[in-house]
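Just below is one structure, and these are the notes that go with it.
The values are calculated or read from the model by the stated rules, or taken from the named source; none is laboratory data. A quick note: this is a predicted structure, and the numbers were derived from the prediction, not measured. We place every Cβ from the backbone using ideal geometry, glycine too, and count neighbours over all the protein chains shown.
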């Protein structure tokens, strides 16, 4: 296991445990189904997706970034750039890329059919933050590889971005009750659980809002920000109306959602 993978896996497991404990002690909403079955299915599909992504691509983004740096490939390796600026530009560009990818997966029907598996979860908690179909994970990987090849970001910035993205996805999907004042201040620079929960509403007018995973700036800039769900967090309905049957909470049926 190389250091990059060890760092990413270690940080992922640490945040997952912290969020799991926090949302158990301070839940925002009562769960409608058993937690054990959902966590088993959601984490299983996450590890399956990660394994298939490793098989699909010979390089991870950080390794490609190191190759590009050594061979002067990519914009930031061709144009003299102070290291601090290169890191900031890289983090911002990669985060904007993920925002744009998320919007595309909602608005382009073939991609939406794949992304539906993420939204079909009838509850939302930290495990939902890793519930993505293997097809989506592989497509996202190739998109990031293309961006790294064109931009030429520092390898360390790519690793930091991956760690932040995974950690923030676990945090903003958590069923965690934050004090309202803390949420209001925190969401000025970070996507909070209350902000992202709006995105998981069965009302598609709300599900097509709050696409950001890490920072709220892109939603505010491009007009996709919604402050609160119309029915409030306690009364809003989570999931997709066409996938209410509990069978879709099982691993095998989850994987068939894009083809139904």
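Taking each residue of segment 39-56 that is farther than 18 Å from residue 257 by Cα and looking for partners that are at pLDDT below 90 and not in a helix (DSSP H, G or I) with beta-carbon atoms closer than 8 Å, six or more apart or interchain, yields 54/60.
Residues that are part of a helix (DSSP H, G or I), loosely packed, with under 15 Cβ neighbours inside 10 Å and modelled with pLDDT of 95 or more within segment 25-39 comprise just one, 25. Does residue 43 satisfy the condition of being surrounded by 12 or more Cβ atoms within 10 Å (Cβ to Cβ), modelled with pLDDT under 95, under 17 Å from the mean Cα position of the chain (by Cα) and within 26 Å of residue 196 (Cβ to Cβ)? For residue 43, the condition - surrounded by 12 or more Cβ atoms within 10 Å (Cβ to Cβ), modelled with pLDDT under 95, under 17 Å from the mean Cα position of the chain (by Cα) and within 26 Å of residue 196 (Cβ to Cβ) - is not met.
Once segment 50-67 is narrowed to residues that are out of contact with any helix residue (DSSP H, G or I) (no Cβ under 6 Å at 6 or more places or on another chain) and closer than 16 Å to residue 158 by Cα, the residue that is surrounded by the fewest Cβ atoms within 10 Å (Cβ to Cβ) is 59.
No other residue among 109, 113 is surrounded by fewer than 20 Cβ atoms within 10 Å (Cβ to Cβ) and either touching a residue at least 12 places away in the same chain (Cβ under 8 Å) or closer than 17 Å to residue 162 by Cβ (or both) apart from 113.
For (1) surrounded by 21 or more Cβ atoms within 10 Å (Cβ to Cβ); (2) closer than 20 Å to residue 231 by Cβ; (3) modelled with pLDDT of 95 or more, each residue gets a yes or a no:
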| residue | (1), (2), (3) |
| --- | --- |
| 148 | yes, no, yes |
| 151 | yes, no, yes |
| 169 | yes, no, yes |
| 182 | no, no, yes |
| 185 | no, no, yes |
| 193 | yes, yes, yes |
| 196 | yes, yes, yes |
| 201 | yes, yes, yes |
| 210 | yes, yes, yes |
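Taking the conditions exactly as written (modelled with pLDDT of 95 or more, surrounded by fewer than 17 Cβ atoms within 10 Å (Cβ to Cβ), outside any loop (DSSP other than H, G, I, E, B) and touching a helix residue (DSSP H, G or I) at 6+ places or on another chain (Cβ under 9 Å)), does residue 14 satisfy them or not? Against the criterion (modelled with pLDDT of 95 or more, surrounded by fewer than 17 Cβ atoms within 10 Å (Cβ to Cβ), outside any loop (DSSP other than H, G, I, E, B) and touching a helix residue (DSSP H, G or I) at 6+ places or on another chain (Cβ under 9 Å)), residue 14 qualifies. Listed here are the helices (runs of 4 or more DSSP H) enclosed by segment 189-260 that have at least 1 residues being without any contact (Cβ under 8 Å) to a residue 12 or more places away in the chain and within 20 Å of the chain's Cα centre (by Cα): 204-207, 217-221.
The residue list 71, 77 contains one member that is over 19 Å from residue 171 (Cα atoms), over 18 Å from the mean Cα position of the chain (by Cα) and surrounded by fewer than 18 Cβ atoms within 10 Å (Cβ to Cβ), which is 71. Can you tell me which residues in segment 172-182 are within 23 Å of residue 131 (Cβ to Cβ) and more than 18 Å from the chain's Cα centre (by Cα)? 177, 178, listed by residue number.
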